[in-house]
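All remarks here apply to the structure that follows.
The values are calculated or read from the model by the stated rules, or taken from the named source; none is laboratory data. Not measured: the values here are computed from a predicted model. All Cβ positions, even for glycine, are placed from backbone atoms using ideal geometry, and neighbour counts span all protein chains on display.
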Amino acid sequence: MKVLLAVDGSVYTQRMLDYLAAHKDFLGPTHDYTALTVITPVPPHVSGHVSRSVLDQHYAEEAEQALKSAKTFIQQQGWNVTTLHRQGSPAEVIAETAEAGKFELLVMGSHGHSALGSLMLGSVTARVMVQSSVPLLISR
């Protein structure tokens, strides 16, 4: 099974990974995992004053920081993992990547806001649920 793991380097990502590791009967080393992090683009009024190579280096460093602990943890579990990073709106990019990559499962950690809190604050997870037809496993 192709599994897309949406990671951001937060404690919520680690909780999601801990959940998956604790449920090896459901998901384990026989699947192909891709860990995706989405970096918010530098605003145009700033990026216009910085070279493309500096921007690319910034995005790569941000992605490495977000992916580092997840990649290490996944490899310790003996799972096959590929990492990638994209720039853009997290919900849109996660949903687009899940669809375009023909992933069979998308796994995300959630901050666990209440329904009202999600409505007021907005939730990447909630927006991914609306935008993607890929089955979604949410860990809280």
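Pairs are defined by a Cβ separation below 8 Å, a sequence spacing of at least 6 or placement on different chains, a first member in the stretch 6-17 that is free of Cβ contacts under 8 Å to residues at least 12 places away in the same chain, and a second member that is aromatic (Phe, Trp, Tyr) and assigned to a strand (DSSP E or B); no pair meets this definition.
For the stretch 53-88, which residues satisfy the criterion of being in a helix (DSSP H, G or I) and of a type in the set (Lys, Arg)? Steps first, please.
Looking only at the stretch 53-88, we keep the residues that are in a helix (DSSP H, G or I), and these are 53-76.
Once the filter is applied, which keeps residues that are in a helix (DSSP H, G or I) and of a type in the set (Lys, Arg), the stretch 53-88 yields Lys68, Lys71.
Picking from residues in the stretch 80-94 that are among the polar types (S, T, N, Q) and under 30 Å from Asp25 (Cβ atoms), the one that is modelled with the lowest pLDDT is Asn80. Taking the criterion of being over 26 Å from Thr125 (Cβ atoms) and crowded, with 17+ Cβ neighbours inside 10 Å, no residue of the stretch 1-59 qualifies. Looking only at residues in the stretch 41-79 that are charged (D, E, K, R) and at pLDDT below 90, the one that is farthest from the chain's Cα centre (by Cα) is Arg52.
Can you work out which of the residues in the stretch 34-55 that are touching a residue at least 12 places away in the same chain (Cβ under 8 Å) and of a type in the set (S, T, N, Q) is nearest to Val7 (Cα to Cα)? Steps first, please.
From the stretch 34-55, those touching a residue at least 12 places away in the same chain (Cβ under 8 Å) are 34-42, 55; that's our starting set.
Right, trim to of a type in the set (S, T, N, Q) and you get 34, 37, 40.
Working: Thr34: 10, Thr37: 5, Thr40: 13 Å.
Ranking the qualifying residues of the stretch 34-55, first place goes to Thr37.
Checking each residue of the stretch 111-126 against the condition of being modelled with pLDDT under 95, farther than 30 Å from Pro44 by Cβ and under 12 Å from the mean Cα position of the chain (by Cα) gives no match. Among the residues here, His85 does not qualify as surrounded by fewer than 15 Cβ atoms within 10 Å (Cβ to Cβ) and either farther than 15 Å from Ala6 by Cα or touching a residue at least 12 places away in the same chain (Cβ under 8 Å) (or both).
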